[in-house]
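Scroll down for the structure; my scribbles are underneath it.
The values are calculated or read from the model by the stated rules, or taken from the named source; none is laboratory data. Everything numeric here is computed off the predicted structure, so don't read it as measured data. FYI the Cβ positions are ideal-geometry reconstructions off the backbone, even for glycines, and counts take in every protein chain you see.
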Amino acid sequence: MESRCQLLPWALFVLLAAPRLLCAQGTCSHGACYPPAGDLLLGRAHHLRASSTCGLAKPETYCTPHGEWSMKCCRCDSRLPHAYNGHRVENVLSSAGHSRWWQSQNGIERVSLQLDLDQTFQLGSVLLHFRSPLPAAMLIERSTDFGKTWEVYQYLASDCSAAFPRVPLGSPESWQDARCQALQGSPLHGGKVKFSVQDLASTITTSYSQTIDKLGQFTNLRINFTELPHVARQGYHSPSTFYAVTEMRVLGSCFCHGHADHCAPSEDPQAVLPSRRGKALSLQQVHGRCVCQHNTAGPNCDRCAALYNDRPWAPAEDNDPHECQRCNCNGHSASCHFDPELYRASGGASGGVCDHCQHNTEGNNCERCKTNYFRNQRQDLAHPEACLPCECDPDGTVPGSICDPLTGRCVCKENVQGDRCHLCKPGFAQLANANPMGCHRCTCNALGTRQDMPCDDETGRCFCLPNVVGNDCDQCAAEHWEVGSGQGCRPCGCHPRGSRSPQCNQFTGQCPCREGFTGRTCSAMQQQVCPDRHYGDVRVGCTECDCDFQGTEDVGCDKTTGQCFCRPGVTGPRCDQCQRGHCSTYPGCELCHPCFRAYDGDIQRLRLRQAGLSNSTSRLPLGSGGSRFGPRLSQAEGNVQQAQGILGRSSATDQSLAQVGSVLATIREQVQGMNPDLRFLDETASLSRELEALNSSLLITNTQYQSKKTQFESSRSTDLSGAFKTIRSSYQASTNASSLIAGTSGLLAESQESRRNAAGLEGGLAESTSKLLTLKGEIASAPNLTPVINKICGGFRAEPCTPARCEGLLCPRDNSTACGAGRPCRGIFPLSRGALAAAGEASKEFRSLSARLEETAQLIKMTETSANQIQSNTRRLVDQISVTRTQIEGDVRRIQQFIQQVRNFLSDKDTDPATLQEISESVLSLRLPTDAAAVLRRMTEIQKLATKLQCPESILAQTAEDIAKAKQLQQEAEQARNRANAVEGNVEEVVGNLRRANTVLLEARGAIRGSGSSLRFIQERVDEIEAVLGPAEKNVKSIAGQLDGLMERLSRLQRGADQNRLRATDARQTAGEAGEQARSAQQAFEQVKQMYAELKRRMEQSPPLGEQGSRVQSIDLEAQALFEETLATMLRIETLEMEIQESNKALMSKSARLSGLEERVGRIRDAINKRVAYYESCS
């Protein structure tokens, strides 16, 4: 409870801090803001628990001071949730009212009230309103991790130095500095304890946000009562000591780190809006979810929102909201995360990394396109189509390559071109994914193919020059020749009469002439022909053909010019060389492998390029500057001619190709060394590039040609399948041999390592052997164990004793001292024997003490049994009184209900008079007391006996204390015996412990005897009360039995009356219907009667009607009978109404007599209730 001196500084602090708090909570835009505080216990009673509550297991009795010298004892029964004398922990809620409270068990020193929340909240203050005296010591704790660890807020005690000697006094100086505050005053009822987080931090900081951040956060709150209140004795009895709290308030709000000004339910953050009318928030449940501001998120605003992580999150401060900053994701992401390393690298400018970049972007800010996407320059970076796919053709793109992120251009294979790598280069076709080069080179003959269209890029089909045929455009059409012209083939022009066939030689154009004709076309008449292999004019003389006749036709040469006619596959001026496409040694000249055509086309193209370069060089302009390059140009021209001569040969050899390569290199060097100011014609502008391409192509062609030539020559004379098998077997043998070699090297290394280890061990063994010998010699002379033996045995041995040699017994009997009473001894062995003897004596004392302890234990057990039995009888008697009171109250209620039922029954107009008479006689026959005197006499007797009992609960409590004291004394005796068992030193201490144990046992027996006398007194008083209550209980049961019988009869009669009432109602209804029918019948009868008179009159005037007349007469008789019956029924109804009126009069008179009986029963009930309330009420 706080005094006025304590309240004054606190009030001043509140007045000074109020403007700052209002500013902090008023707005969230300039700094920290906090939700309004409310009672966190409202709606969370199930989260509050107490470690001790009275009457949970069984009813308990507690006694408190009543007046100056007397005490009042009451019962606590908390087994039912809403019992009037129950004191469960949920009674501390402010909604439970001030007439209910929580109370702990009697005498329990350490008790706690604990609030376990399911999420983090912000604590403002705690208010405790005690019904009991204030505790002597208590402390307040909190947990921020759901009960795993606890931290003390503050210690509170009436005497801090005694309750918490190690805790300093005063105000805290740091956040972890828990101090003790004094609890002043100890009122019997109504003491208050208030704890405030703001007050606790007032001496540490003036920042409210820092106070909340350091002290406000909590998930669990625990109030620990550590010392019961000090209550003075009342006369000869001690009052019960316990903790009782009428109201507990935990004021706080949702914990938001200063980023929210109101809270909302967890399922709907917008459901609860802040109150603007200042309503009482203490009556509303405090919700746990923060409605976050400052771009924060989470139940406690403990993180930045999804797209606001560009700066690190921080709790808000008084003047700085620490608002989370938005990440720059260029519109391609909905969330980001904070990267500390990036934040430090940027110098604190930005640390946000965008998550899951969309629209094919990537990067910390989604600022660049993903792999295989390029930047769309026609759209802004924030546009969804800022990055477009590169769309590279996988067949023509280098595997694993990526396109240019700026232009989208793909990385093509060697023989592929285009931005998407979807086209073959000129001279290449058939784009395929499996081809590492992308496209195959076209096999078209360069001499017979159109230069503008080398081949179809999809099918590889060649586009031939005019009159050129073949898949590769490598031969002339029929009757055409000169495919090497580069302009297409021209007609043979063979003379129809002079040639044997229109087909000519495709390379020379020579037609096959008939006899007597000559010339290329066989158009000239040959008058005299030289013999075969000769030419010239026969008139002058024939000359032998300058030919190698192994390579010529039979005719040898032209008869006129002497040009050699080479056979197929042979070429040269003398027909002494193999033609291109024939690879064997002359004069064999067999056709080359089909792959020759692919490379021959390259050689032909190189040849054409060389010819073009030669022509370009010859057309260079003449001028003053040309004279300087004359020698160089002449030298280059010579080199070109040399290359042309080499290329013009029929077959290419390794030597010739190498020579061509060197010549081309020389040409390239000479061209590069020319004057850079020299200007060439347009057709020679690319001379340098063409020379470089020519050299590169020549080298590649040479390498490929040599490889294919070697493969072809080796495959010509060898079976391919056999060669493959041979290669595979050789490879397998090589692999096996390699494996064996590898294994052998490993084994060799292991063997070498083992050898080195063995050598090392051998050297170590020799060294260890020498050390062992040295150690053996040292043990033979040292150490001398004789001094140690004398200390152990207590003797005076003089002979040396070493580990290697020690003669005789170590402890001979004649060379030691014996310990005795009053005689000192030396040596461990004699001392142990003396201790053993002392232990034997102490063992005898232990056995005697154990026997006495067992007797004391039996006595305590018998006393405890008697006390439990008497306590059980007393509680049974109290329960019996309670049951009897309950029965009496129930009987009174039943009597009231019975009287009301009788009154209602008698006041019923439809009740039979005989039934009324029977009920009245039964009620009057009840044997009730004529007045309350008999009941008062019984109550007086019970009161006298209760006065003699002198508070049995207090006597039983005192008896329990005596039994507990006896048990404690017995435990002290057993502890003394245990201490004696543990003693290893002197026997006098053991004997002293045994004597103290005997003294304790005597005190225990005295306490037990005193308890026995008190228990016998209680038993006598209980027997007397039972003797008085027995007859009273029987009378109550007799009256209850009579009432039960009367109630049963009344119910039976009432059911009969109800049936009679229904019958009467039916009869009345039937009578009414009968009356209506009678009146209708009367009217009908009058009509019939008139008709009958009319009919009779007519009958008298008319002749007899026979059978119809008889029927009319019978109807007349029946109508008269019905009329008479109706009149009789109406008379009976009138008689019944008169009888009912007389019965009502009788009922009213008997009801008046019953009212007096009800008043007498009420007076008796009031007297009983007053006595019962006097003895069993607890206020």
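Details
- Number of the exception - GLU173 against (1) modelled with pLDDT of 90 or more; (2) under 44 Å from the mean Cα position of the chain (by Cα): (1)
- Restricting attention to region 213-245, the residues that are part of a helix (DSSP H, G or I) and in contact with a Leu (Cβ under 9 Å, 6 or more places away or on another chain) add up to 2.
- Residue within region 96-106 that is in the same structural domain as LYS214 (by TED's automatic domain parsing), out of contact with any helix residue (DSSP H, G or I) (no Cβ under 8 Å at 6 or more places or on another chain) and without any contact (Cβ under 8 Å) to a residue 60 or more places away in the chain present: yes
- Breaking point among (1) closer than 27 Å to GLN119 by Cα; (2) exposed (fewer than 14 other Cβ atoms within 10 Å of the Cβ), for GLU173: (1)
- When residues of region 844-886 are limited to those that are touching a Leu at 6+ places or on another chain (Cβ under 6 Å) and of a type in the set (Ser, Thr, Tyr), the one nearest to ARG1165 (Cα to Cα): SER866
- Filtering region 467-483 to residues that are farther than 22 Å from ALA429 by Cβ and without any contact (Cβ under 8 Å) to a residue 24 or more places away in the chain leaves only ALA477.
Residues checked against (1) within 21 Å of CYS424 (Cα to Cα); (2) at pLDDT 90 or above:
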site	(1), (2)
ARG368	no, yes
ASN372	no, no
GLN377	no, no
PRO384	no, yes
CYS387	no, yes
CYS392	yes, yes
PRO399	yes, yes
PRO405	no, no
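- Test for ALA334: is it under 25 Å from GLN122 (Cα atoms) and either among the small types (Gly, Ala, Ser) or assigned by TED's automatic domain parsing to the domain that holds CYS254 (or both): no
- The condition (being in contact with a strand residue (DSSP E or B) (Cβ under 7 Å, 6 or more places away or on another chain) and touching a residue at least 40 places away in the same chain (Cβ under 8 Å)) is satisfied by just one residue among GLY448, GLY498, GLY486, GLY460: GLY448.
- Strands (runs of 3 or more DSSP E) within region 62-160 that include 1 or more residues at pLDDT below 90 and surrounded by fewer than 22 Cβ atoms within 10 Å (Cβ to Cβ): 70-76
- Close pairs (8 angstrom Cβ cut-off, 6 or more residues apart or separate chains): under 15 Å from CYS806 (Cα atoms) in region 760-783, modelled with pLDDT of 70 or more and among the β-branched types (Val, Ile, Thr) anywhere: ILE779/THR802; ALA780/THR802; SER781/THR802; ALA782/THR802; PRO783/THR802
- Single match in GLY551, GLY493 (criterion: buried (at least 17 other Cβ atoms within 10 Å of the Cβ) and more than 25 Å from LEU465 (Cα to Cα)): GLY551
- When region 412-440 is filtered for residues that are surrounded by 17 or more Cβ atoms within 10 Å (Cβ to Cβ) and within 48 Å of the chain's Cα centre (by Cα), only ARG420 remains.
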